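Any read-out appearing in this document is the output of simple, stated calculations on the displayed coordinates, not a laboratory observation. Predicted model, so just to flag it, every value in this text is computed and none were measured. Ideal geometry is used to build each Cβ from the backbone, glycine not excepted, and the neighbour counts take in all protein chains shown.
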Amino acid sequence: MSGFSLSTPQSAVTRSYRSQFDRLIRRMFWAFSALPLFLAVSILSALWVKSQPILVAHPLAELLLGSAWKPQRGEFGFLPFISGTIWVTVVALVIAVPVCLLTAIYLSEYASGRLQRLIKPLLDLLAAIPSVIYGVWGVLVIGPWVQHSIAPFLSQWSHIFPIFTATNPTGYSILAGGMVLAVMIAPFMIAIAYEVFQTVPLGLRQASLALGATRWQTVKYAVLPKAISGIVASLILGCSRALGETMAVLMVVGNVPQIPRSIFDAAYPLPALIANNYGEMMSIPLYDAALMTASLTLLVMVLGLNLFSILTLRHVLREKK
Amino acid sequence: MSGTLPHLETQNLSAYYGTTQALEDVSIVIPRHQITMIIGPSGCGKTTLLKCLNRFIELEENARVEGKVLLDGENIYSPTVDVTEVRKKSGLLAQRPYPLPMSIFDNVAYGLRIHRLRSRHELNQAVQQYLQVAGLWEEVKDRLHCPASQLSIGQQQRLCLARGLAVEPEIILGDEPTSALDPVSAQHIERRLIELKERYTIVLVSHILRQARRLADYVIFMYMGKVIEAGPAHQVFNYPQHERTRAYLSGEF
């Protein structure tokens, strides 16, 4: 009977063709998924190869911990740049984290739906502003503000907090860079933290509210602990963006290769070093390789931070379950 | 039951979500220290009515309430009333348990702590007492400081019961509190509720008629946002006055 034609050899052939095609598609998708990993590895190895000349000539510790940057004399110490990167990033985080957390909490837990729908797109818009615009704004507004208002004000307490010592007559400083950077990473941090809060089930909030807890108690004891791992992830993501941000920071941070002691010192973060100097003064021996090593250092810092965050998150999540 | 004042009462209560009316002119009484069950087909407004009783309705976007809900004669929607006090007086059992992200002990102690009871000794005592009332003590007494999320879902629901009782409410509100549980755990909860009605007024929403017949002392039947019939359970189940109630009870919809 024709009704049993499904089991004829012809249809078996069709099935095997379909499963072959399926396997092909599967391999193709695998290849595409592997592409990012391949890219990361190839970038890392290219930087590694290009930094070899200087790594052979100088021990790694001397490069990373050396504080003198005099390429003409063959002295390549990255410490000023590494510490500049860290200073600017830390200042940006100190400014951005509390503001972002409170904003995300407000938007997710207190604001009405209408307000949320109004403010969210505005925040996303902030994330779309090109970084050079932030840089110009930093030069025009933040720099003079730091120079004329913040530095004179905070330096009154410099005998208690040495990091407030006013050392720099211009506004081009770590604080200015950190402030611009804080504004730049805020939209990302807020957006991710908000999404994380939104994943906390409504029933959990209701459970707390039903016991007569206030909104704030509910946020503090029910929502935040449930969301903490995601919040940490959002902060670290913001942090790694801050580490790598180049344009806006180099426009306001002063770019002096020194180890900073105060937030009013000028600094010279790694990305600024690379962007300012690559393609120039290439006649100096080992200069090219030094910049590659700087890139490698930056990349390793960002990757290390992300790896650390992933491992921490996994640990936190496992502990909670 | 004659002679006892209604514990809760609604007067001309209407609720809206935006322009949709979910409750229409609901006036009911909920007798003290009995199990009142709100029954009706899905979408009839049972859960909305329950949410009006502890002002949870205000957590919904665009929700609006008209009319009064009287708790011991006092309108809980009056502007001078503190909403946290209203909610403290009524424990909530949700459809599925939501243990707070903390230990078993801290879950039960949570309500006490937010209402400013701090003494270690009193906390220990209260936690044990309410876990016993909820029928969970024997199962968890050796691991009070483990995360509550490690419990089975039936145990979690009993934990939520203990957590709710710990703030010493007068009323227990349950929104289909056994619907996510296996039959044995559901039976556990039902047995607790029957014990608890001696001291608490219990209001349950249920779409399981058999459960309503087992538990209810007083029944409110709703349809399309209106209360069709309300009265003592034996009366409503055996001698329904309204055509719709009869149809629903015989399983026609």
Fewest-first ordering of A:T218, B:T47, A:T293 by Cβ atoms within 10 Å yields B:T47, A:T218, A:T293
Per-residue Cβ counts within 10 Å, from other chains only, averaged over A:215-222: what number is that? 3
Kirkwood Rh, Cα atoms: Rg over Rh of the protein assembly as shown: 1.13
In the protein assembly as shown, if the dipole is taken from +1 on Lys/Arg beta carbons and -1 on Asp/Glu beta carbons about the Cα centre, which of A:A31, B:T178, A:L93 is farthest to the positive end? A:A31
Which residue, A:M189, A:M179, A:M282, has the most motion in a Gaussian network model of chain A that connects Cα atoms within less than 10 Å? A:M282
Per residue of the range A:81-89, in order, report the coupling 6.51 cos²θ - 1.76 cosθ + 1.60 (Karplus, θ = phi - 60°) as ³J(HN,Hα) in whole Hz, putting x for Gly and Pro. 6, 5, 5, x, 4, 5, 4, 4, 5
Karplus (6.51, -1.76, 1.60) ³J(HN,Hα), θ = phi - 60°, over the range A:295-300, in Hz, Gly and Pro reported as x: 4, 4, 4, 4, 4, 5
The answer for A:T165, listing residues at least 5 apart or on another chain whose modeled amide H is closer than 5 Å to its amide H, is A:I263
In debye to the nearest 20, how big a dipole does chain B give about its Cα centre with +1 on each Lys and Arg Cβ and -1 on each Asp and Glu Cβ? 460
Debye, to nearest 20: dipole size of the protein assembly as shown, +1 on Lys, Arg Cβ, -1 on Asp, Glu Cβ: 920
Candidate cut points under GluC sites (Glu not before Pro) in the range B:19-105, DSSP loop plus at most 10 other Cβ atoms within 10 Å of their own Cβ, are B:E61
Test of understanding: ordering B:Y16, A:Y110, B:Y110 by Cβ neighbours within 10 Å, fewest first, what list do you get? A:Y110, B:Y16, B:Y110
Between A:V253 and residues 5 or more places away or on another chain, which pairs have amide H atoms under 5 Å apart, with H built 1.01 Å from N, and which residues are they? none
Rounded, prolate or oblate: which fits chain B when a ≥ b ≥ c are the square roots of the eigenvalues of the alpha-carbon gyration tensor, with rounded for a/c under 1.5 and prolate only if a/b beats b/c? prolate
Put +1 on the Cβ of every Lys and Arg and -1 on every Asp and Glu Cβ in the protein assembly as shown; which of B:L196, B:V29, A:I163 then has its Cα farthest towards the positive end of the dipole? B:L196
Which shape class applies to the range A:24-93: rounded if a/c is under 1.5, otherwise prolate when a/b exceeds b/c and oblate if not, where a ≥ b ≥ c are the square roots of the Cα gyration tensor eigenvalues? oblate
Ascending count of other beta-carbon atoms within 10 Å, so fewest first, for B:L13, A:L55, A:L118: A:L118, A:L55, B:L13
Could you work out the Rg to Rh ratio of the range A:63-320, with Rh taken as the Kirkwood radius (inverse of the mean 1/r over all Cα pairs)? 1.04
Please give the average number of partner chain Cβ atoms lying within 10 Å of the Cβ of each residue in B:53-60, rounded to a whole number. 2
In whole angstrom, how far apart do the alpha carbon centroids of the range A:76-151 and the range A:198-239 sit? 24
Quick one: which residues, 5 or more positions from B:V219 or on another chain, have an amide H under 5 Å from its amide H? H modelled 1.01 Å from N in the peptide plane, none for Pro or chain starts. B:M37, B:G231, B:A233
Defining a contact as two alpha carbons under 8 Å apart and six or more residues distant in sequence, what relative contact order in percent does the range B:8-139 show? 21
Taking chain A and dividing mean pair separation by its residue count, relative contact order in percent (alpha carbons under 8 Å, at least six apart): 26
Calculated from DSSP helices alone, with each H run of at least 4 adding -39500 (n - 2.57) and the total divided by the residues of chain A, [θ]222 nm to the nearest 500 comes to -22500 deg cm²/dmol
Peptide A:201-209 - average C-beta neighbours from other chains (10 Å radius): 6
Please work out the C-alpha center-to-center distance from the range A:263-279 to the range B:25-57 and express it in whole Å. 66
Would you work out which of A:I259, A:L63, A:G212 lies farthest towards the positive end of the dipole of the range A:63-320, given +1 charges on the beta-carbon of Lys and Arg and -1 on that of Asp and Glu, about the Cα centre? A:G212
With +1 assigned to the C-beta of every Lys and Arg and -1 to the C-beta of every Asp and Glu, and no other charges, what is the dipole magnitude of chain A about the Cα centre in debye, to the nearest 20? 1360
Pairwise centroid distance, computed over Cα atoms, of the range B:62-78 with the range B:183-208, Å: 25
Space enclosed by the convex hull of the alpha-carbon atoms of the range A:111-259, per residue, Å³: 159
Go ahead and estimate [θ] at 222 nm for chain B from helices alone: -39,500 (n - 2.57) per DSSP H run with n ≥ 4, summed, over the residue count, rounded to 500. -10000 deg cm²/dmol
